[in-house]
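Accompanying notes for the structure given below.
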Amino acid sequence: MASYKESGVDVEEGYRAVNKYKEHAKRTAIPGLLTGLGSFNGMFEVPKGMKNPVIVSGTDGVGTKLDIAFKMKKYDTVGIDCVAMSVNDILCSGVQTLFFLDYVACGKLESDVAADLVKGVADGCVDTGCALLGGETAEMPDFYDDGKYDLAGFGVGVGEKSEMITGEKIKEGDVLIGLSSTGVHSNGFSLVRKLVQNFDDPFVLDGKDTGKTIGEVLLTPTRIYVKPVMEVLEKYRKAIHGMVHVTGGGFYENIPRMYPKAENGKKQLISVIKRDSWEIPPVFGELIRRGADLDSIYNTFNMGIGFVLAVNAKEDDDVLDMFNKNASKYHKDYCPDMKAYKIGRVEYAKGDVNGQKDAVIFE
């Protein structure tokens, strides 16, 4: 007779992991939360006073950035990436995420490692202002290698339909304001892992050892833009015509996604980006030094801009000032102060838009 434990699944270790999760989830409790971890489902009350509520959701994982965490045995920050990838996407509609659920899968469960992963998820939820409503831990021996974990999740928010930011109001002359990233964030790591063979290499800047390894720099979590952007939206929502989370595909793939498709003979809106208008984090210079292709780098990485807003030109200075004055309010140990820059403008295309290279122009 074979037991479940003999087949590779340790339910007792699972119980220990869940008990550790509960301590982290307590930190994320917000008004509207009706259940705690341990129920078969999670319940959250729809905010009162909405006339026409719209549910907005987003889902994503951490991807191959997890491989660096495994090799460096540092598991407590990739959960922030997991949350950020979903809540920043939801934010593009002008909506605050209310709750988040995660999914942890592994070959052999170690409760301390799983708890570190969930700690990062809870940190991301606190930084967002949303509740960690629940999740799932799946131990699958012989499916995942021992020591390897996968981490994914999804968030849900609710917004007033009349206040949704859809991109339909974007017009020629709008100013593009870019918000600084913390580095590579959580995209492009399949390339990063080809460029960097030893994550314990010292990270050298201007010929000086920074005291960090390249692996530590690469594990810097994705910035969560929810609180600073929602604060600006409270005052300038009508001036914000579109928003973009710059993820996989970089500038070329993501920025055009906020523009309405040109129909009925109308011209297509495009982005004109000013080179050297923002500070590029040194980690990208290191990746270029190690062989990253310059011709495609803006089609792979965020290059220092993790979120972009199309703003009415009459109020662009006010929006920019508010972002920069409030930057230090959202400082975290893992996340340097955010900076906002005017990085370009919206124009009508002068001809047909055939592919990404025509939709984003650098000058």
Have a look at 190, 181, 86 and tell me which one the Gaussian network model of the chain (Cα, springs below 10 Å) gives the largest fluctuation. 190
Crossing angle, helix 316-326 versus the chain [Cα axis fit, 0-90 degrees, rounded to tens]: 30
Once both labels are modelled 7 Å past Cα along the beta-carbon direction, what's the residue 329-residue 348 spacing in nm? 3.9
For semi-axes √(5λ) of the Cα gyration tensor in Å, the choices are (1) 35, 22, 19; (2) 31, 30, 21; (3) 35, 26, 18; which was calculated from the structure? (3)
Rounded to 0.05, the calculated FRET efficiency for the beta carbons of residue 257 and residue 234 at R₀ = 25 Å is 0.50
Where a ≥ b ≥ c are the square roots of the eigenvalues of the C-alpha gyration tensor, would you call segment 231-345 rounded, which needs a/c under 1.5, or, failing that, prolate if a/b is larger than b/c, or oblate? oblate
Counting each DSSP H run of 4 or more residues in the chain as -39500 (n - 2.57), what helix-only mean residue ellipticity at 222 nm follows after dividing by all residues, to the nearest 500 deg cm²/dmol? -8500 deg cm²/dmol
So between residue 71 and residue 361, what do we pick up on full extension, going 0.36 nm a residue minus the alpha carbon distance? 100.5 nm
I'd like to check one number: the per residue accessible area of the chain, probe 1.4 Å, reported in Å² as a whole number. 48
Highest GNM mean-square fluctuation, the chain, Cα pairs closer than 10 Å: which of 81, 127, 142? 142
Spin-label point model (7 Å from Cα, Cβ direction): what's the residue 15 to residue 201 distance in nm? 4.8
Please compute the modelled spin-label separation between residue 103 and residue 29, points set 7 Å along Cα→Cβ, answer in nm with one decimal. 2.9
Using the Cα gyration tensor of segment 286-350, with a ≥ b ≥ c the square roots of its eigenvalues, what is the shape: rounded (a/c below 1.5), prolate (a/b larger than b/c) or oblate (neither)? oblate
Give, as a single signed number, the net charge of other residues whose beta carbon lies under 13 Å from the beta carbon of residue 244, with Lys and Arg counted +1 and Asp and Glu -1. -2
Treating only the Cβ of Lys, Arg, Asp and Glu as charged (+1, +1, -1, -1), what charge dipole size does the chain show about its Cα centre? Round to the nearest 20 debye. 980
Net lengthening on full extension, residue 148/residue 266 (0.36 nm per residue, minus Cα-Cα): 37.4 nm
Roughly how many percent of the accessible protein surface of segment 259-310 is carbon and sulfur, given a 1.4 Å probe and a whole-percent answer? 44
For segment 242-312 versus segment 19-40, the gap between their alpha-carbon centres in whole angstrom: 37
Cross-link partners among aspartates and glutamates for residue 161, C-alpha distance below 20 Å, same-chain residues fewer than 8 apart left out? 45, 89, 231, 234
Longer than 27 Å from Cα to Cα, which of 26/227; 73/325; 73/212; 73/339 are they? Say none if no pair is. 73/325; 73/339
Take 317, 60, 67 and sort them by solvent-accessible surface of the protein heavy atoms, 1.4 Å probe, largest at the top. 317, 60, 67
Whole-Hz Karplus couplings 3J(HN,Hα) for segment 177-184, θ = phi - 60° and coefficients 6.51, -1.76, 1.60, Gly and Pro as x, run 9, x, 9, 5, 8, 8, x, 6
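The values are calculated or read from the model by the stated rules, or taken from the named source; none is laboratory data. In this text, all values refer to a predicted model and were calculated from it rather than measured experimentally. Cβ coordinates were reconstructed from backbone atoms using ideal geometry, including for glycine residues, and neighbour counts include every protein chain displayed. These area figures cover heavy atoms from the full protein model, side chains too; ligands, DNA and RNA do not enter into them. Shrake-Rupley method; radii C 1.70, N 1.55, O 1.52, S 1.80 Å.
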